[in-house]
Structures are given as C-alpha cells and as structure tokens.
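The structure under discussion appears below in the form of structure tokens.
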Amino acid sequence: MTDRAQLTIGDATPIELNIHQASLGEAVIDLAPMANTGYFTYDPGFSLTAACQSSITYIDGDKGELLYRGYPIEQLAEKSDYLEICYLLLEGELPNKSQKPGFIEQIKHHTLVHEQMRSFFNGFRRDAHPMAIMVGVVGALSAFYHDTLDIQNPEHQQIAAYRLIAKMPTLAAMCYKYSIGQPFIYPQNNIDYSENFLQMMFGVPSEPWKASPVLARAMDKIFILHADHEQNASTSTVRMAGSSGANPFACIAAGIATLWGPAHGGANEAVLTMLHEIGSVDNIAKYIAKAKDKNDPFRLMGFGHRVYKNYDPRAKIMREVCHEVLDLVGLGETPLFKLALALEKIALEDDYFIEKKLYPNVDFYSGITLSAIGIPTNMFTVIFALARTVGWISHWIEMMNAPSHKIARPRQWYAGPKQRDFKPMDQR
Ligand code: SDX
C-alpha cells in the first residue's frame, strides 16, 4: 500500500506528494506541495476531489454500501429509529439506555417555533412551493438565535443541532397546512418523532387524530434512509457556507436550497411527475429511448447516481417500505407502483443502463411511498430536507471543529479575455 506519489511537470524536479490511507475506501493524494508550482488541479463537479476528512458516513459506490458511523444502513433501517440515528450521526455512537431518553427529551423540548414565525408564512402565496417557504423560514431562524449564538462553543453548536432537528418537522408541517388553508397544528411531546410529524401534517383541531403505527414506522424509515449521504451537493454547500463562519441556521437554509434541484433532492418529486407522464407500461419503451437519446434532455428520474454504480442500498429498502405502505392503504396494485416496478425491470435489463451502471436510487420509490402516505408531491423534497438536516448539521459541527478548518475558496481554469484597455463608446 503506497504512501507516496510523484508529480513531474515538464522538466521540473518531480514533486513528492503524500498519500493518506482512509479507514475505508479510496486513499487520498495530498496536493499541498503543489502550492507553489503555479498550477491548479481541474476537477469540475469535484467527482475526484476529497474536499474534507470526515468520520460520519461511508459510501462504497461499486458495492452499493452505505454506513452511518460504521453501521450498515440495512441494519439501522431494520433495528433502529430516526432519533437514535440522529444521536449516532451527531455523537458518533449509538445511545445507550440512559443516553437515549435524555436525548429524546432534549429534542422534544425544542419542537415549538417562536409564535412570530407564523407571520412569515402569511407573506407567501398559498400556492408557493413549500421548498421556497422552507428556505425562507429556516433561514429566518437565524434572526431568533443569531445574537445568543457563539458558533465556536460546542454547547452552542449542540443546541443549534437540537433546535434544527426538533423544529424541521414543525416547520415542514406548517408549510403543508398553509398550502391547504388549514390551521397549524402544534407538536405533541407525548408521542414519537415521526408520529408527531404525521399528526402535525394531518391532524385538525376539531377532532382527535392518530397516526397508523405502520405509517409512522414507514415515515421513520424514510427519515433514516435520507439522514446523511457523505459529501453530496447539499452537504458540501452547508460545509462551504459554514466555512465562512455563517450562522448554522443560514447554512442549513443554503443546504435546503441546493437539495431542491431535480438532479439532487428534487428527484423524488420529478419521479412522480415522470411516472404520470409515462402513464402506462406501453409507453415505457418510448421513454427509455428518450433517456438514451443524447439529443433529448430527458433523463429517467430516480435512476443513476454520482457515486453508486451499483444498486443504491436505500432503494432496496425503500422498495420494501413502499410495498408495505401500499398494501396497508390498499393500493398494492396501484397502476403507478406497477408502472414503477415494470420501468425498473425494463431499465435494469437494458444494455444502455447496464453499461452506464444506472440503477434506481433512493428517490425512485420514495415518491410513491410518500404519495401513498397522503403527502402531496410538492412536499416530497421538504421531507428529504427534514430528514437530511441531522446529516447537514453533523457535518457542520465536524467542519467547525476540524483542525484544518478554514474558509473554502476553490480556484478556476480562467478562459476569459486577456487584459485590455477601456473602449470609449464611439469605438465599440
Ligand atoms: C440524490 O450525491 C448524493 O449522494 C445524492 C443523494 C443523497 O442522498 O444526497 O443520493 C440524493 O441526489 C440521488 C440522485 C437523484 N437524482 C436523480 O435521480 C436525477 C436523475 N439522475 C441523473 O441526473 C444523474 O444520474 C445524476 C445527476 C444523479 C448523477 O449524474 P452523474 O454521476 O454526473 O452522471 P452523468 O450525469 O455524468 O451521467 C453519466 C452518463 C451520461 O451519459 P454520457 O454523457 O456518459 O453518454 O449516464 C447518463 C448520462 O447521460 N445518465 C442518464 C441518467 N443518469 C445519468 N441517462 C438517463 N437517465 C438517467 N437518470
């Protein structure tokens, strides 16, 4: 296992570069000695760049493996619950039987939002996309905590994490209630996290409402599957924003904005739109052809991944959850699910998808599941943002306490005009 590399530029003396071994996966080449060579490295999309050292999540794209602090996602989805995963991602270990109740109480203590937050919603049209509202109201949390927050203080970092984990379900449900003109429902601290979210989404003040335990467990598994995913676009955004010393609530708002894109967290909403557009199994071949056509911008949403060149392990679990939920709500034979199964089968047998290693990702089945739970399509990415908040804030805390912590400032390959003199109007 080599720990050295050499870079020879032209006739110059070769540059010795150190290689750092990872505890799992690819080793990294430390480019620091290139500092005075007069060269930059070029890696658009950062697909070959390790932007930081992290101990939180590990992905093996070729094997289709995902570990949260070393624990396989399959075991965590089956045996754990979302708040336990939050503790694991934040603290690095699963909570023991005395730590878990205390952590849950801490989170429950922060589920309410300031009453003035309600006023922010009134500034939005009722048909505003809930992700637009979430970017606004989560960023606005900065205004309520900014002055008392010392981001270098580990206790302040921890309370910011608790506030965000606790308040995201409340704010997400408020987005939905606002869009349908129903009153906001307050969190209830005598029920579990995911059940509490569902009651804030679907409860009404005029009558008692109780979530189905199966749907609450399905919601909890969806939160677990989306909790973290290494240095994806939105997590990298949170780290980049945090590196300037920005308020953690503002950094999470930046992560929400990044997640909204259809290439990233917006894909679950785009999958449902795509399935409705395909309409029937008879049309699958036409859309597979469109996805393969270089001149057609159409892509099969819910397929492909920058890292996974094998089946996304979350997609397998998501498909099982989807089946459970559909059976429970009596939609097991829903045309949309049957269409999704047929599309998955045909795509996985198609040479183009096999050659390009395009497999279903976590978003392929999450949309159908959320739809079966009764969550509207435009809320899908809000659910993703709710779940991913613990991953984002765990990476923010890790970045804030990293020995190498400094402002992120990439360079560029300049392709613009050389220096030239100002041109007066009569010469343009
Ligand atoms: C998430 O990074 C993360 O970890 C993200 C995430 C997380 O948890 O944070 O996992 C969540 O974002 C999942 C991905 C959700 N997005 C989608 O489902 C949108 C559809 N997928 C594609 O847009 C695409 O696969 C990406 C954006 C996900 C990945 O793009 P890459 O790795 O940059 O791959 P690429 O765009 O360079 O594609 C490689 C080839 C291309 O063909 P060539 O130019 O080499 O000939 O595969 C083709 C692409 O045209 N391709 C597809 C395709 N995805 C890639 N062709 C058809 N349909 C697709 N979905």
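The values are calculated or read from the model by the stated rules, or taken from the named source; none is laboratory data. In this text, all values refer to a predicted model and were calculated from it rather than measured experimentally. As a convention, Cβ positions derive from the backbone with ideal geometry for all residues, glycine included, and neighbour counts pool all protein chains shown.
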Handout entry: Filtered residues of segment 275-319 (kept if more than 9 Å from the ligand (Cβ to nearest atom) and surrounded by fewer than 13 Cβ atoms within 10 Å (Cβ to Cβ))
Key = His276, Glu277, Ser280, Asp282, Ala285, Lys286, Asp293, Asn295, Asp296, Pro297
Exercise for the section: Could you please find all residues in segment 236-274 being within 11 Å of the ligand (Cβ to nearest atom), assigned to a helix (DSSP H, G or I) and touching a Lys or Arg at 6+ places or on another chain (Cβ under 8 Å)? Expected result: Gly255, Leu259
Handout entry: Pairs where the first residue, in segment 404-428, is at pLDDT 95 or above and the second is surrounded by 10 or more Cβ atoms within 10 Å (Cβ to Cβ) and outside any helix (DSSP H, G or I), C-beta under 6 Å, 6+ apart
Key = Ile407/Ser244; Arg411/Phe40
Exercise for the section: Would you mind telling me which numbered condition in (1) in contact with a Phe, Trp or Tyr (Cβ under 9 Å, 6 or more places away or on another chain); (2) polar (S, T, N, Q); (3) modelled with pLDDT of 95 or more Ser244 fails? Expected result: (1)
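Can you find, within segment 141-158, the residue that is nearest to Tyr178 (Cα to Cα) among those that are in contact (Cβ under 8 Å) with a residue 40 or more places away in the chain and touching a helix residue (DSSP H, G or I) at 6+ places or on another chain (Cβ under 6 Å)?
Step one: list which residues in segment 141-158 are in contact (Cβ under 8 Å) with a residue 40 or more places away in the chain, which gives 141-142, 145-146, 149, 151-152, 154, 157-158.
If we keep only those that are touching a helix residue (DSSP H, G or I) at 6+ places or on another chain (Cβ under 6 Å) as well, we get 141-142, 149, 157.
Details: Leu141: 18, Ser142: 22, Leu149: 30, Gln157: 30 Å.
Among those residues, the one meeting the criterion is Leu141.
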Problem - Among residues of segment 320-365, those that are in a helix (DSSP H, G or I) and within 15 Å of the ligand (Cβ to nearest atom), counted - result: 14
Practice task
Within segment 370-425, track down each residue that is polar (S, T, N, Q) and in a helix (DSSP H, G or I).
Solution key: Ser371, Thr377, Asn378, Thr381, Thr389, Ser394
Handout entry: Pick from segment 210-229, criterion in contact with a helix residue (DSSP H, G or I) (Cβ under 6 Å, 6 or more places away or on another chain) and more than 23 Å from Gly255 (Cα to Cα), ranking: surrounded by the fewest Cβ atoms within 10 Å (Cβ to Cβ)
Key = Val214
Exercise for the section: Name, by its number, the condition in (1) surrounded by 15 or more Cβ atoms within 10 Å (Cβ to Cβ); (2) of a type outside the set (A, V, I, L, M, F, W, C); (3) within 14 Å of the ligand (Cβ to nearest atom) that does not hold for Gly45. Expected result: (1)
